[in-house]
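Report on one structure; see the data block that follows.
The values are calculated or read from the model by the stated rules, or taken from the named source; none is laboratory data. All values reported here derive from a predicted model rather than from experimental measurement. Here the Cβ is made from the backbone with ideal geometry for all residues, glycine too, and neighbour counts use every protein chain on show. When the accessible area is computed, the model is the full protein with side chains, heavy atoms only, and any ligands, DNA or RNA have been set aside. Shrake-Rupley method; radii C 1.70, N 1.55, O 1.52, S 1.80 Å.
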Amino acid sequence: MAQIIDGKLISQQIKDELKEKVAELKANGKEICLAVIQVGNDPASTVYVGNKKKACEYIGIKSLAYEIPEETTEEELLGIIDKLNKDDSVHGILVQLPVPKHINEEKIINAISPSKDVDGFHPASVGALSIGQKGFVSCTPAGVIQLLKRSNIEISGKECVVIGRSNIVGKPMSMLLLRENGTVTICHSRTKDLKEVCKRADILVVAIGKPRMIDASYVKEGATVIDVGIHRDENNKLCGDVDYASVEPVAGAITPVPGGVGPMTIAMLMNNCVEAGLN
Ligand code: GUN
């Protein structure tokens, strides 16, 4: 029987810790403020943005919502970001991705001041992480580290295998595990003998984007398995990149989907906002 890593519970603990900190700051006259920009009305983005606003409300962070039309030009969006960069009462700026096709995503990410980049997507934030300098860390991989630490799972000296090399999860995840003194291997679509590499892992982080791809044959007995994926299966049931029913009996610890990594992303975003307010 694996230890079930309860992301819902751990994210709630983090949010409650932040709530206390925010109340203290408020008592000292400081109100933390996050600006959230959504261009267009993609339904999934609307749900994510709504959840971010709700978390802000719970913790006591002021949220400024910029819900702007699909037709907004790149120039107009850059203008809003510039204004928010210069506004001292705004501590964090988040542009919900994806943006419409006529807007260059890279340009938008690069326009956000690194000191307000609570998503941790700016090249300066990514660069700082890779050379051990201070900066904001991408929320999902930061959440995975919290799950491990708060579940007393040692990272130092462990074989860590990350499947997936995205800028938002795989790459920063690898850098964070390395920062915690793990021995890190990154796997991707061209990796030969994926199964053999995964079977070496003491900690296996799966962010491939393929429903239930990783079954017990990829997992060493007693390994910690972190599932970053989220999908709806053919029966409309939520599932991850890991075949939970197959892996749970061999893993030492495992995150469920839902209720594992998912809730941690917003908790870490809130943590970044509080840090932004302290700078
Ligand atoms: N779209 C999906 N996930 C994210 C996220 O973490 N941040 C932003 N800005 N957009 C997203």
Output for the stretch 258-274, where each listed residue is within 16 Å of the ligand (Cβ to nearest atom) and not small (Gly, Ala, Ser) = Pro258, Val261, Pro263, Met264, Thr265, Ile266, Met268, Leu269, Met270, Asn271, Asn272, Cys273
query = Being surrounded by fewer than 22 Cβ atoms within 10 Å (Cβ to Cβ), under 30 Å from Glu180 (Cβ atoms), modelled with pLDDT of 95 or more and within 16 Å of the ligand (Cβ to nearest atom), is that true of even one residue in the stretch 78-97?
reply = yes
request  = Would you tally the residues in the stretch 104-121 being within 13 Å of the ligand (Cβ to nearest atom), within 23 Å of Ala44 (Cβ to Cβ) and either within 15 Å of the chain's Cα centre (by Cα) or touching a residue at least 12 places away in the same chain (Cβ under 8 Å) (or both)?
outcome  = 8
inquiry  = Suppose we keep only residues that are without any contact (Cβ under 8 Å) to a residue 60 or more places away in the chain and within 21 Å of the chain's Cα centre (by Cα) within the stretch 13-32. Which one would you say is least open to solvent (accessible area, probe 1.4 Å)?
reply    = Asp16
task = Restrict the check to the stretch 34-49 and report whether at least one residue is more than 16 Å from Ile108 (Cβ to Cβ), under 22 Å from the mean Cα position of the chain (by Cα) and surrounded by 15 or more Cβ atoms within 10 Å (Cβ to Cβ).
result = yes
query = Out of curiosity, is Gly209 at pLDDT 95 or above, of a type outside the set (Asp, Glu) and over 28 Å from Asp16 (Cβ atoms)?
reply = yes
query = Are there any pairs with C-beta distances below 6 angstrom linking a residue in the stretch 35-62 that is in contact (Cβ under 8 Å) with a residue 40 or more places away in the chain to a residue that is assigned to a loop (DSSP other than H, G, I, E, B) and within 13 Å of the ligand (Cβ to nearest atom), with the two at least 6 apart or on different chains, and if so which?
reply = Gln38/Gln96; Val39/Val99; Ser45/Gln96; Val49/Gln96
key: Cβ pairs under 7 Å, 6+ apart, first in the stretch 125-139 and within 10 Å of Pro172 (Cα to Cα), second hydroxyl-bearing (Ser, Thr, Tyr) and surrounded by 14 or more Cβ atoms within 10 Å (Cβ to Cβ)   = Cys139/Thr265
query = Is it the case that Ala55 is under 21 Å from the mean Cα position of the chain (by Cα) and of a type outside the set (D, E, K, R)?
reply = yes
query = Name the residues in the stretch 150-177 that are among the charged types (D, E, K, R), within 20 Å of Ile214 (Cβ to Cβ) and away from the ligand (no atom under 16 Å from the Cβ), would you?
reply = Lys158, Glu159, Arg165
inquiry  = Checking Tyr58 against (1) open to solvent by 70 Å² or more (accessible area, probe 1.4 Å); (2) touching a strand residue (DSSP E or B) at 6+ places or on another chain (Cβ under 6 Å); (3) away from the ligand (no atom under 16 Å from the Cβ): exactly one of these is not met. Which one?
reply    = (2)
query = If only one of Gly209, Gly222 is more than 21 Å from Thr140 (Cβ to Cβ) and not charged (D, E, K, R), which one is it?
reply = Gly222
ask   = Is it the case that Ser166 is of a type in the set (Ser, Thr, Tyr), over 18 Å from the mean Cα position of the chain (by Cα) and assigned to a loop (DSSP other than H, G, I, E, B)?
value = no
key: Selection within the stretch 186-244 - touching a Cys at 6+ places or on another chain (Cβ under 9 Å) and over 23 Å from Lys158 (Cβ atoms)   = Pro211, Arg212, Ile230, His231, Arg232, Asp233
